[in-house]
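The values are calculated or read from the model by the stated rules, or taken from the named source; none is laboratory data. Keep in mind that what you see is a predicted model, and the values were worked out from it rather than measured. No Cβ is skipped: glycine too gets one built from the backbone with ideal geometry, and neighbour counts run over all protein chains shown.
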Amino acid sequence: MVRVLLVEDDEAIAESLGVGLARYGFVVQRTGTGAQALAARGFDLVLLDLGLPDMDGLDLCRELRRRTEVPIIVITARSGETDTVVGLEVGADDYVSKPFGVREIVARARAVLRRCRPVVTADDGVGTGSSLALGRARLDRRSRRVHIDDVEISLTPKEFDLLSFLAEDLGAAFTREQILEAVWDAHWHGPTRTLDVHIGVLRRKFDGVLKIETVRGVGFRLEVAP
Ligand code: CA
């Protein structure tokens with residue numbers, strides 16, 4: 001059972017989306033304001049309309065991300081790439097533009113939930129298989145935590161997935177397509193600048209510890225900083 005917090009002030013959209021999601025087995029909790037959204041508890045996923053009456057949607061997104069690790073999908077009427085990219089920068093995991101179909105939302109929701117759930121591999125049982133040392137950084141796939149020395153670094157689910165993917169083969173160049181497909185999904189139609197935004201965030205967070213090099217015309221490669 002997936003509990004969805006639907007933050008949407010447009011009654012008609014909220015109603016039809018709520019009914020549609022329920023048909024796919026989601027349990028939907030509806031709120032029409034940012035204040036109610038911040039007061040809400042007990043959900044596994046947030047669907048967040050950026051145009052709200054009482055608060056800027058991006059501010060709300062940032063605040064929700066500060067409080068919770070659950071995936072956030074931003075719903076935007078503004079199809080401009082700027083909003084989308086800013087949305088991802090403030091911690092959203094994916095976005096859909098209006099108008100959208102319920103099936104599209106369901107597909108996105110399932111995809112982000114799949115990505116955010118830890119993947120348990122056979123190696124994890126022995127205790128060391130899920131932990132990877134990257135110079136001063138340590139990445140643990142089972143708990144989805146990353147530390148520099150003994151300090152935990154806060155990462156969004158996407159940032160973790162991206163780092164984890166690049167770390168699978170240290171020093172190897174991955175193409176943008178490989179990365180987008182593995183970290184986002186095969187049906188990702190969003191702006192590819194999204195990838196650069198996430199790379200930029202990781203570079204900031206791991207400055208002096210890890211180096212993400214741009215491989216011109218190809219993609220990126222991760223190395224331990226010298
Ligand atoms: Ca709205």
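What do you reckon, is ARG67 more than 16 Å from the ligand (Cβ to nearest atom) and over 21 Å from the mean Cα position of the chain (by Cα)?
No.
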Exercise. When the range 152-180 is examined, which residues are found to be in a helix (DSSP H, G or I), within 22 Å of ARG65 (Cα to Cα) and among the charged types (D, E, K, R)?
Worked result: LYS158, GLU159, ASP161
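Got a sec? Which of GLU89, GLU69 is in contact (Cβ under 8 Å) with a residue 60 or more places away in the chain, of a type in the set (Asp, Glu), surrounded by fewer than 16 Cβ atoms within 10 Å (Cβ to Cβ) and out of contact with any strand residue (DSSP E or B) (no Cβ under 6 Å at 6 or more places or on another chain)?
Just a single option satisfies the conditions, and that option is GLU69.
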For this session: Name every residue in the range 181-219 that is within 20 Å of LEU155 (Cβ to Cβ), modelled with pLDDT of 90 or more and in a loop (DSSP other than H, G, I, E, B), in order of residue number.
Result: PHE206, ASP207, GLY208, VAL209
Seminar exercise, completed: Of the residues in the range 142-158, those that are among the charged types (D, E, K, R) and surrounded by fewer than 21 Cβ atoms within 10 Å (Cβ to Cβ) come to ARG142, ARG144, ARG145, ASP149, ASP150, GLU152
Seminar exercise, completed: Checked the range 42-57 for anything more than 12 Å from LEU6 (Cα to Cα) and either of a type in the set (S, T, N, Q) or more than 13 Å from the ligand (Cβ to nearest atom) (or both); matches are GLY42
Exercise. What is the one condition in (1) in contact with a helix residue (DSSP H, G or I) (Cβ under 7 Å, 6 or more places away or on another chain); (2) part of a loop (DSSP other than H, G, I, E, B) that LEU222 does not satisfy?
Worked result: (2)
For this session: Identify the residue in the range 24-39 that is surrounded by 18 or more Cβ atoms within 10 Å (Cβ to Cβ) and of a type in the set (A, V, I, L, M, F, W, C) and, among all such residues, is farthest from the ligand (Cβ to nearest atom).
Result: PHE26
For this session: Considering (1) more than 14 Å from the ligand (Cβ to nearest atom); (2) of a type outside the set (Phe, Trp, Tyr); (3) in contact with a helix residue (DSSP H, G or I) (Cβ under 7 Å, 6 or more places away or on another chain), say which one ARG3 fails and leave the rest.
Result: (3)
